1. If residue 77 satisfies all but one of (1) farther than 25 Å from residue 2 by Cα; (2) touching a strand residue (DSSP E or B) at 6+ places or on another chain (Cβ under 6 Å), what's the number of the condition it fails?
2. Tally up the residues in the range 64-85 that are within 23 Å of the chain's Cα centre (by Cα) and surrounded by 14 or more Cβ atoms within 10 Å (Cβ to Cβ), please.
3. From the list 51, 42, which one is assigned to a helix (DSSP H, G or I) and loosely packed, with under 12 Cβ neighbours inside 10 Å?
4. Would you check if there is a residue in the range 27-40 being touching a residue at least 24 places away in the same chain (Cβ under 8 Å) and farther than 19 Å from residue 134 by Cα?
5. Here's a check for you: in the range 1-25, which residue that is in a loop (DSSP other than H, G, I, E, B) and touching a helix residue (DSSP H, G or I) at 6+ places or on another chain (Cβ under 9 Å) is surrounded by the most Cβ atoms within 10 Å (Cβ to Cβ)?
6. Report the residue count in the range 60-92 for those that are in contact with a helix residue (DSSP H, G or I) (Cβ under 9 Å, 6 or more places away or on another chain) and in a loop (DSSP other than H, G, I, E, B).
7. Mind listing whichever residues of the range 93-109 are touching a helix residue (DSSP H, G or I) at 6+ places or on another chain (Cβ under 8 Å) and either modelled with pLDDT of 95 or more or crowded, with 19+ Cβ neighbours inside 10 Å (or both)?
8. What number goes with the only condition from (1) more than 15 Å from residue 55 (Cα to Cα); (2) free of Cβ contacts under 8 Å to residues at least 24 places away in the same chain; (3) surrounded by fewer than 16 Cβ atoms within 10 Å (Cβ to Cβ) that residue 120 does not pass?
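The values are calculated or read from the model by the stated rules, or taken from the named source; none is laboratory data. This is a predicted model, so every value here is computed, not measured. Please note: Cβ atoms are built from the backbone with ideal geometry, for glycine as well, and neighbour counts cover all protein chains shown.
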């Protein structure tokens with residue numbers, strides 16, 4: 001439920017001052033559906049989902065320079081450059097701009113590895129794919145979320 005944008009917007013002020021409250025639906029089938037989406041999110045975030053086997057991004061470029069030097073995202077090309085020669089291709093703007101816990105995920109990953117060699121490009125491509133799939137799942141959760149609010153269990 002915490003990945004529902006509707007939930008986050010509805011309870012934004014409350015979430016700033018207290019722990020999130022979990023809205024439990026009384027509808028068992030709806031609960032199972034939400035639980036399955038949650039499992040898919042967990043598998044994506046642990047990089048264990050089979051959905052990551054076909055990455056949406058590719059590591060491209062020429063030469064042997066794999067140093068993470070200057071991180072630049074070019075929206076019109078949908079590329080993240082790590083230096084003048086190497087880049088990741090196929091990164092949608094909403095994926096590049098995706099934040100978790102106040103951090104822009106893809107930028108932070110590279111920034112934390114600046115001045116080092118990009119020795120885990122396949123893993124980074126999996127992370128890009130995980131974020132892409134997360135956004136897709138969030139849309140599915142948002143479609144279902146209003147139904148959750150209709151039949152809440154009183155705890």
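1. The single condition residue 77 does not satisfy is (2).
2. So the count comes out to 8.
3. After ruling out the rest, the residue left standing is 42.
4. Checking the range 27-40: at least one residue is touching a residue at least 24 places away in the same chain (Cβ under 8 Å) and farther than 19 Å from residue 134 by Cα.
5. 4
6. Total meeting the criteria: 9.
7. Listed by number, the residues that qualify are 94, 95, 96, 98, 104, 105, 106, 107, 109.
8. It is condition (1) that residue 120 fails.
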